[in-house]
Amino acid sequence: MAEKRKYKKRYCKYCEAKVDFIDYKDASSLKHSLSERYKIMPRRLTGNCKRHQDMVTIAIKRARSAAIIPYTISRKEVVVNPFEIIK
């Protein structure tokens with residue numbers, strides 16, 4: 001039988017900070033839930049709970065439609081740190 005992998009328990013940083021609402025205009029707080037190519041990272045990697053992950057996805061989608069965060073970065077463009085663009 002295969003051994004179970006033991007992972008470190010991840011905690012929701014929004015629950016620890018007791019956040020009730022995630023604002024889509026605050027791009028610096030949303031960047032922790034985005035990958036290098038501006039894709040939304042899953043719960044198992046970020047450690048967010050279901051409620052806050054849903055709030056994060058809605059906020060990211062709203063920020064994308066408001067042109068605060070780009071949708072994706074092409075493979076041909078090489079960007080050293082994509083989050084410097086957000087500032």
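We did not get these values from a lab; they are worked out from the coordinates using the rules stated. Note that this is a predicted model, so its numbers are computed, not measured. When we count neighbours, we look across all protein chains shown, and the Cβ atoms used for this are built from the backbone with ideal geometry, even at glycine.
Once the piece of chain linking E36 and D23 is laid out straight, how much longer is it, given 0.36 nm per residue of separation minus the C-alpha distance between them? The partial results should precede the final answer.
Numbers: separation 13, 0.36 × 13 = 4.68 nm, distance 2.09 nm.
Length difference between fully extended and current span is 2.6 nm.
Can you tally the net charge around R51? Count Lys and Arg as +1, Asp and Glu as -1, for every other residue whose Cβ sits under 14 Å from the Cβ of R51. Walk me through the numbers on the way to the answer.
Numbers: positive: K13, K18, R43, K50; negative: E16, D20, D54.
Every neighbour counted, the sum reads +1.
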Protection proxy ranking, peptides 53-61, 12-20, average beta carbon neighbours within 10 Å, highest first: 53-61, 12-20
Of K18/K39; K9/K61; K25/K76; K18/K50; K31/K76, pairs whose Cα-Cα distance is over 19 Å: K18/K39; K9/K61; K25/K76; K31/K76
